[in-house]
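Taken together, the values in this text are just the output of simple stated rules run on the coordinates, not laboratory data. The structure presented is a predicted model; accordingly, all values stated were derived computationally and were not measured. Note that each Cβ is placed from the backbone with ideal geometry, even for glycine, and that neighbours are counted across all protein chains shown.
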Amino acid sequence: MSAVDVWLVDLAVSADGLDRCAPVLDRSERERGDRFLRPVDRARYIASHAALRLVLAEACACAPSEIRLTANATGKPELARAFGSPAAFNLSHSGARALIGLAGPTAIGVDIELIRPIPDAVRIARTHFAPDEAAALASLPPDAIEAAFFGLWTRKEAVVKAQGTGLSLPLDRFSVTVPPAAPRLLRDSAGWTLAAVEAGAGYAATVAVRADDTTIRHHTLSPDWPDRLGLKRRDRACSPAKARL
């Protein structure tokens, strides 16, 4: 049985904490962060990517600023080849929360969504999701549809992100269960593990792993996590071969 780790991150960091986040990002991340028009969106982008670097660095036994990221052919971020053995990871953020998944060589996708008013949830599901998912959502009591929609959305997004194929896997080409049912793929479920992640009131979150019978280990970054961004790990090389996965 394999195991993967997921971290829940509070992005509501102080101004001093945000000042510690920006320097560990690479130039492309800083440039992308600068393109956000709203300061709150810019701050959450910077904080979420700094938290990702912290998780990767602590797994690889190096400093967060030493992490080097690249992208595969479909644009999914991955560790640069110079880091040795593969370490699959995924990041999602919404509202004031981020979710980070780390899975060694196993493909992983995570998604978190802030639950917000969406009066046309059933119409959106009928337009974009599989027919059986839309029907299951429409059958729920009206006061349960909103939360179930976002739970369903995170399940589908997590699967797509684990696939790593982007928009080449349309959302209406596969089906997952609809909350309150436990998360799983319908029909072609072999070789997959889906699990809900407790992300706090007002959030829905899911992790999807391309492996059977995977154990999901849940973690929460401590509130002072930005203080750890400047720590140096000079005594050990940065290599996923030493990662705590």
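Can you give the FRET efficiency for D16 and A71, using 1/(1 + (r/R0)^6), R0 = 25 Å, r = Cβ-Cβ distance, to the nearest 0.05? Provide the component values of the computation, followed by the final result.
Numbers: r = 31 Å, r/R0 = 1.26.
Working from the Cβ atoms, E equals 0.20.
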Checklist entry - Going by how many other beta carbons lie within 10 Å of each one, how would you line up T214, T193, T127, T206, fewest first? => result T127, T214, T193, T206
Item to check | Separation of the E78 and S189 label points, Cα + 7 Å toward Cβ, nm | outcome: 2.9
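Starting from the Cα-Cα distance between H128 and A144, subtract it from 0.36 nm times their residue separation and give me the gain in nm to one decimal.
3.8 nm
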Checklist entry - Cα centroids of the range 183-205 and the range 1-59: how far apart, whole angstrom? => result 24
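Sort the range 141-225 into rounded, prolate or oblate with this rule: let a ≥ b ≥ c be the square roots of the eigenvalues of the Cα gyration tensor; rounded if a/c is under 1.5, and if a/c is not under 1.5, prolate when a/b is larger than b/c, oblate otherwise. If you can, show how the numbers build up before the last one.
Values: a/c = 1.65, a/b = 1.14, b/c = 1.45.
Judged from the Cα gyration tensor, the range 141-225 comes out oblate (a/c at least 1.5, b/c at or above a/b).
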Next on the checklist: Just to be sure I understand the model, the point goes 7 Å from the Cα along the line to the Cβ. What's the resulting R35 to A182 distance in nm?
Outcome noted: 4.2
Checklist outcome for this item: For the range 109-119, in residue order, the Karplus 3J(HN,Hα) values (coefficients 6.51, -1.76, 1.60; θ = phi - 60°; whole Hz; Gly and Pro = x) are x, 10, 8, 10, 9, 6, 6, 9, x, 8, x
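Give the shape of the range 1-119 as rounded, prolate or oblate, defined through the alpha-carbon gyration tensor: a ≥ b ≥ c are the square roots of its eigenvalues, a/c under 1.5 means rounded, and otherwise the shape is prolate if a/b is larger than b/c and oblate if not. Write down the numbers at each step before the final one.
Numbers: a/c = 1.68, a/b = 1.25, b/c = 1.35.
Oblate is the answer for the range 1-119, as a/c is 1.5 or above yet b/c matches or exceeds a/b.
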Checklist entry - Counting other C-beta atoms within 10 Å, which of D26, D188 has the fewest, and how do the rest follow? => result D188, D26
Checklist outcome for this item: With R₀ set to 22 angstrom, the calculated FRET efficiency between the beta-carbons of T220 and I118, to the nearest 0.05, is 0.20
Checklist outcome for this item: Placing each pseudo-label 7 Å from Cα in the direction of the beta carbon, D26 and D172 end up separated by a distance in nanometres of 3.8
